[in-house]
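Please read through the structure below; I'll follow up with questions.
The values are calculated or read from the model by the stated rules, or taken from the named source; none is laboratory data. Owing to the predicted nature of the structure, the values given are computational and were not obtained by experimental measurement. All Cβ positions, glycine included, derive from the backbone under ideal geometry; neighbour counts span all protein chains shown.
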Amino acid sequence: MKKLLIAIQIVILILVIAKVVSVAGFVKKSDFMPALSFFDGQAMAQQNVAATTPGIVSAVAPAATAQKVKDNSVGDLSHERDLAAALLAKKNELDSRENTLRTEEQRLLALRKEIMDKITLLKAQEEKLSAILDASQTSELKRYKEMAKVYEATPPAKAGSMLEKLDIKTAAGITMNMKKDKAGAIWGFISPQKAVDITREITRAGGNTN
């Protein structure tokens, strides 16, 4: 707008000069025309500049808008990339935890199996030992019964002397498997201390004489 006013002022100035020259007659028409052409050229140049400037402004505005849109797009893309990276990191963390838990679960299962196998083995050994012990006790009881029959058939004095020489456990085992009257008859031919020890062993074993 300012440039347009300048152009108008130039035109007015040219008209004033032309009027002055026409009235005074000092300048020839041939001398005046080049000056007029010069001022006309200046006016046209100012008008061309004024006409061109809005186009330049119009061209710059869309470019600035496009740059702003581009910057916004770059910002959005960067945000999306950061979000994707964060989600991927979280996924990797969860996968790592899952793998750790799975490994720990497998370790515990293996440990449980090992413990169960040992328990099974111990039970088998216990049953085996129990069977051996039962067999031993059965064999021992059978032996005591057979020996008791021998002592019952032996005269009490001799049987008492024989019991005196036996260890307490064996003497008690034989006595428990003898008939009461036979055991009582032998009882009078053993020492009082031996009788006490045999009685104590019979009580500890929880047995009774027949």
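From the list K123, K113, K128, K118, pick out the single residue that is exposed (fewer than 11 other Cβ atoms within 10 Å of the Cβ) and modelled with pLDDT under 90.
K128
For A157, indicate whether it is modelled with pLDDT of 90 or more, surrounded by fewer than 18 Cβ atoms within 10 Å (Cβ to Cβ) and not polar (S, T, N, Q).
Yes.
Now, a different point. Give region 182-198 a look and list any residue that's within 8 Å of L163 (Cβ to Cβ) and part of a helix (DSSP H, G or I), or say none.
Matches in region 182-198: I186, K194, I198.
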